[in-house]
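The values are calculated or read from the model by the stated rules, or taken from the named source; none is laboratory data. Values in this document were obtained by computation on a predicted structure and should not be read as measured data. With ideal geometry, Cβ positions are generated from the backbone for all residues, glycine too; neighbour counts draw on all protein chains shown. We work out accessible area using only protein heavy atoms, side chains counted, and drop any ligands, DNA or RNA first. Shrake-Rupley method; radii C 1.70, N 1.55, O 1.52, S 1.80 Å.
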Amino acid sequence: MHQAEIGIIGGSGLYSMPGLTDTQEIAIQTPFGEPSDKLVLGELEGRNVAFLARHGRGHRLLPSEINFRANLFAMKLVGVGRIISVSAVGSLKEEHKPTDFVVPDQFIDRTFLRTSTFFGDGIVAHVAFGDPVCGVVAKTIADACDQESVVGKRGGTYVCMEGPQFSTRAESNLYRSWGADVIGMTNLQEAKLAREAEICYATMAMVTDYDCWRAGHDDVTVDQIVAVMHQNAANAAKVLRAAVRAVPAERTCACASAIQHAILTSRDAIPAATRAKLDPIIGKYLS
Ligand SMILES: [Zn+2]
């Protein structure tokens with residue numbers, strides 16, 4: 001099997017990874033279906049990297065249509081231990097300006113059409129999610145922003161909404177009253193599934209606009225967002241290279257053993273088919 005140590009999931013505006021060399025595209029089948037696109041495996045800054053376009057190349061999938069389970073399982077199957085996720089977000093605070101990057105450390109779930117777990121079908125597990133992103137990867141991303149002179153803010157709350165429409169003004173103001181920082185449509189499911197798959201995960205959220213809350217300003221249009229997205233993509237490419245270079249070789253965080261004590265189902269009650277399906281994730285705890 002092809003192996004990669006670092007996964008990059010590219011969002012709106014980042015459909016390929018500049019600088020990735022010796023690339024090989026592989027179509028991966030998972031027990032949960034097909035990922036959004038082929039995985040592009042290659043070398044970046046001397047590290048083995050797997051890149052996936054979250055919405056598919058050509059941006060074909062709505063947030064609600066993304067098979068998050070297949071995407072994360074595919075990363076697990078090629079050996080990825082750390083994921084740097086990239087996504088376009090709206091800002092919910094004046095101080096987070098378009099073209100700023102935010103590295104969130106919390107999420108609020110406002111989705112309702114998605115399956116966000118690998119478990120079920122006869123196995124129950126509850127992973128801890130109080131700290132939903134990997135502190136090591138988050139710090140690596142924020143440090144890489146500093147190094148590349150891109151504004152990269154440490155910490156913050158990401159509201160994950162269903163979409164595909166943007167927020168109403170009432171919703172936007174509600175999220176602001178909750179103290180949330182940015183709003184997007186995809187990253188929470190990835191964070192949950194990465195934790196279940198014991199993959200370190202953090203997000204580089206690139207601000208494209210002020211959502212619709214900001215009084216005295218026009219509502220956000222798709223054209224405005226696209227222009228900022230191009231600049232964000234250029235910044236993302238250089239920050240990602242710096243981050244990939246700096247990801248520590250060894251994993252010392254708790255992400256790698258996240259489901260050690262999470263499985264509640266009696267081992268002998270887990271159906272054989274479920275056991276086989278989830279072997280890449282839970283096999284080491286069932287043998
Ligand atoms: Zn970690």
I need the full set of residues from segment 263-287 which are open to solvent by less than 20 Å² (accessible area, probe 1.4 Å), touching a strand residue (DSSP E or B) at 6+ places or on another chain (Cβ under 9 Å) and not β-branched (Val, Ile, Thr), in order please.
Leu278
Residue in segment 168-198 that is surrounded by the fewest Cβ atoms within 10 Å (Cβ to Cβ), counting only those that are out of contact with any helix residue (DSSP H, G or I) (no Cβ under 8 Å at 6 or more places or on another chain) and polar (S, T, N, Q)
Ser177
Exactly one condition in (1) within 16 Å of the ligand (Cβ to nearest atom); (2) surrounded by 15 or more Cβ atoms within 10 Å (Cβ to Cβ) is not met by Gln260; state its number.
(2)
Given the residues Glu171, Glu196, Glu162, which is the only one that is more than 14 Å from the chain's Cα centre (by Cα) and over 15 Å from Phe107 (Cα atoms)?
Glu171
State whether the residues of segment 190-203 include one that is within 16 Å of the ligand (Cβ to nearest atom), in contact (Cβ under 8 Å) with a residue 40 or more places away in the chain, hydroxyl-bearing (Ser, Thr, Tyr) and under 18 Å from Val150 (Cα atoms).
yes
Considering only residues that are more than 16 Å from Ile8 (Cβ to Cβ) and among the small types (Gly, Ala, Ser), look in segment 28-72 and name the one that is most open to solvent (accessible area, probe 1.4 Å).
Gly58
Identify, please: which residue in segment 111-135 is within 16 Å of the ligand (Cβ to nearest atom) and open to solvent by 50 Å² or more (accessible area, probe 1.4 Å) and is, among those, farthest from Ile282 (Cα to Cα)?
Gly135
Out of all the residues in segment 202-213, is one or more among the polar types (S, T, N, Q), touching a strand residue (DSSP E or B) at 6+ places or on another chain (Cβ under 8 Å) and over 30 Å from Thr30 (Cα atoms)?
yes
Determine which single condition Lys238 fails, assuming it passes every other condition in (1) in contact with a helix residue (DSSP H, G or I) (Cβ under 9 Å, 6 or more places away or on another chain); (2) open to solvent by 70 Å² or more (accessible area, probe 1.4 Å); (3) away from the ligand (no atom under 16 Å from the Cβ); (4) more than 27 Å from Cys145 (Cβ to Cβ).
(4)
Could you please find all residues in segment 1-27 being touching a strand residue (DSSP E or B) at 6+ places or on another chain (Cβ under 6 Å) and of a type in the set (A, V, I, L, M, F, W, C)?
Ala4, Ile6, Ile8, Ile9, Leu14, Met17, Leu20, Ile26
Which residues, counting only those in segment 136-167, are open to solvent by 40 Å² or more (accessible area, probe 1.4 Å) and of a type in the set (S, T, N, Q)?
Gln147, Ser149, Gln165
Counting only helices (runs of 4 or more DSSP H) wholly inside segment 184-278, the ones holding at least 3 residues that are at pLDDT below 95 are 222-246
If you check Ala262 against the conditions, is it in contact (Cβ under 8 Å) with a residue 60 or more places away in the chain and of a type in the set (A, V, I, L, M, F, W, C)?
yes
Would you say Lys139 is in a strand (DSSP E or B) and under 22 Å from Pro248 (Cα atoms)?
no
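Every residue, every condition in (1) touching a Lys or Arg at 6+ places or on another chain (Cβ under 9 Å); (2) touching a residue at least 40 places away in the same chain (Cβ under 8 Å); (3) of a type outside the set (Gly, Ala, Ser), yes or no:
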| site | (1), (2), (3) |
| --- | --- |
| Ala74 | no, yes, no |
| Gly81 | yes, yes, no |
| Val86 | yes, yes, yes |
| Ser91 | yes, yes, no |
| Glu95 | yes, no, yes |
| Pro98 | no, yes, yes |
| Phe101 | yes, yes, yes |
| Leu113 | no, yes, yes |
| Ile123 | yes, yes, yes |
